[in-house]
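Scroll down for the structure; my scribbles are underneath it.
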Amino acid sequence: MIPTPGITPRRSCQMSLPTARVRAITFPPPPITAEPDSPEGAGLARLHLNEAPMGPSPKALAAAVAALAYAHRYPDHAASELIGRIAKATGIAADCISVGNGSGEILVALAQMVTDPGDEAVFPAPTFPTCGKGAQIAGGRLINVPLRADGVNDVPAMLDAITDRTRLFYLCTPNNPTGGILPAEDLALAAQKVPDDCLLVVDEAYFEFTTAQDGADALSILRNRTAPWVVTRSFSKAYCLAGLRAGYALCSSREICDALWTLRPNFNINRPALAAASAALADTEHLAAVLDHANTERARLSGSLRAQGCKLFPGATNFLTFQPTGNANAIAARLKEQDVVVQALPWPDADGSLRVTLGSREENDRFLALYASAVQDPA
Ligand SMILES: Cc1ncc(COP(=O)(O)O)c(C=O)c1O
């Protein structure tokens, strides 16, 4: 370093930055997001991100485009219109609702809100990792409790893992990556038994897909819990807005919600996302079409995979998780060579399982056709 007169050179920071805590964070690398119509992603079937196969509601798209004309102005930080609509749809008071740049951002903030260094956070394993990332950023210790054999969060085992240091108890229903839906009695047990000084987080990113399948009504169960809880939901899945980034939190109290607002970066949801999310929420026809497509394709893929000897895990989401008749990694690698990207999971055993997004009918047909040959001739 060339010394500048009058300024003392800073000591080398190579060893101390980033902090040991940040270096210790374990988080999956960013996934493949090559666009199917770009040169590098030409013809790619992206069946690994649980994205919506159909475009957003035309009404949501029009609202986003209209919002772009005001791109020179900051968006409404209070997100009044969107929160008003969410309040109406859920029955939760507007001052107990917060919004995020995707529900992932909220999950990180929730963990940061309640975790001091050395505190513990109980998670099902495997599950969606983002809330755990927040706990690690805050210096917390992750306590990972294996899922039940059917891919559902094991609530009694998770409750057994609680100690005096536990401040966060995270449930994911339906659970990503397995799809398992928590039975109402397990949710009620968690609502009753998770201690008062521990935040109960229920991640419902795929909530809308469960409404057609008698999923547990988490909100009515959680209303009976006097201690803190938060339900998170997303506009990325059933509302087909993953690229815009919008999610929301339904909180047990104004105090928890206020803390989320404190942690929110200013203007964290942009104008087009706010406008599109509001319009999407109002477009019940589009939502019905999305759910209908997912149900139809789930039944079609399930039938074909079962006939090929696969073991399917129960669920109601926009993805399907199953144990193939072979090694999941090797099958996924062979499919990827043919531009069909699916997610291999190191669960429940050494051969693992595959998680496949319910894509368009054409994408799913392509997956099914290539899957059969990939099983015969894995990579
Ligand atoms: C269970 C679960 N929670 C949260 C998220 C985050 O969603 P987003 O940040 O797009 O709202 C995802 C995304 O895949 C998910 O699967």
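The values are calculated or read from the model by the stated rules, or taken from the named source; none is laboratory data. Note that the structure is a prediction, hence the values are computed from the model and not measured. Because the Cβ atoms are built from the backbone with ideal geometry, glycine has one as well, and the counts that use them run over all protein chains shown. Surface areas here come from the heavy atoms of the whole protein model, side chains and all, with no ligands, DNA or RNA. Shrake-Rupley method; radii C 1.70, N 1.55, O 1.52, S 1.80 Å.
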| task | Give, as a single signed number, the net charge of other residues whose beta carbon lies under 10 Å from the beta carbon of E105, with Lys and Arg counted +1 and Asp and Glu -1. | result | +2
| request: Report, please, the projected area of the range 192-333 averaged over directions, based on the convex hull of its C-alpha atoms, in nm². | output: 11.7
| task | Kindly provide the helix-only [θ] at 222 nm of the chain, computed as the sum of -39,500 (n - 2.57) over DSSP H runs of four or more divided by all residues, to the nearest 500 deg cm²/dmol? | result | -11000 deg cm²/dmol
| said: Sequence gap of 8 or more, or different chains, plus Cα separation below 23 Å: how many lysine pairs satisfy both in the range 58-283? | reply: 4
| task | Name the residue, out of L312, L274, L358, whose mean-square fluctuation peaks in a Gaussian network model built on the chain with Cα pairs under 10 Å. | result | L312
| remark: Dividing the mean separation of Cα pairs under 8 Å (6+ apart) by the residue count of the range 139-271 yields a relative contact order in percent of 18
| note | Going residue by residue through the range 289-306, the Karplus relation 6.51 cos²θ - 1.76 cosθ + 1.60 with θ = phi - 60° gives ³J(HN,Hα) values, rounded to whole Hz and with x marking Gly or Pro, of 5, 5, 5, 5, 4, 4, 5, 4, 5, 4, 5, 5, 5, 4, x, 5, 5, 4
| task | Might you work out the accessible area of D377 for me, using a 1.4 Å probe with all protein chains in place, and round it to the nearest 10 Å²? | result | 90
| Which loop chymotrypsin sites (Phe, Trp or Tyr not before Pro) in the range 242-303, with loop taken from DSSP, have no more than 14 other Cβ atoms within 10 angstrom of their Cβ? | F267
| message | Counting only protein heavy atoms and a 1.4 Å probe, tell me what percentage of the range 58-283's accessible area is made up of carbon and sulfur. | response | 54
| Dipole of the range 23-108, positive end: most advanced residue of I86, G102, P36 [Cβ charges, Cα centre] | I86
| task | Let me have the relative contact order for the range 58-283, percent, based on Cα pairs under 8 Å that are six or more residues apart. | result | 29
| remark: Taking D160, D339 and ranking on accessible area (1.4 Å, protein atoms only), highest first, one gets D160, D339
| said: Using Cα springs under 10 Å in a Gaussian network model of the chain, which residue among S236, S16, S302 shows the largest mean-square fluctuation? | reply: S16
| remark: Low-density loop chymotrypsin sites (Phe, Trp or Tyr not before Pro), the range 141-206, at most 12 other Cβ within 10 Å, DSSP non-H/G/I/E/B, are none
| field | Mean accessible surface per residue for the range 58-283, computed with a 1.4 Å probe while every protein chain stays in place, in Å² | value | 39
| task | Measure out, as a whole number of angstrom, how far apart the alpha-carbon centroids of the range 323-357 and the range 79-125 sit. | result | 32
| task | Using R₀ = 35 Å, calculate the FRET efficiency as 1/(1 + (r/R₀)^6) where r is the Cβ-Cβ separation of M54 and Y74; round to 0.05. | result | 0.65
| said: Need one number: % antiparallel among DSSP beta bridges in the chain, to the nearest 5. | reply: 45
| Around G41, with a cut-off of 9 angstrom between Cβ atoms, what is the net charge of the other residues, counting Lys and Arg +1 and Asp and Glu -1? | -3
| request: Decide, for the range 283-347, between rounded, prolate and oblate: order the square roots of the alpha carbon gyration tensor eigenvalues as a ≥ b ≥ c, take rounded if a/c falls under 1.5, and otherwise choose prolate if a/b is larger than b/c, else oblate. | output: prolate
| field | Share of pairwise Cα separations in the chain, more than 30 Å, in percent | value | 42
| For the range 58-283, what is the largest minus smallest coordinate of the Cα atoms on each principal axis, given in angstrom and ordered from greatest to least? | 53, 38, 28
| request: Over the chain, calculate the relative contact order: mean separation of alpha carbon pairs under 8 Å at least 6 apart, over the residue count, as a percent. | output: 21
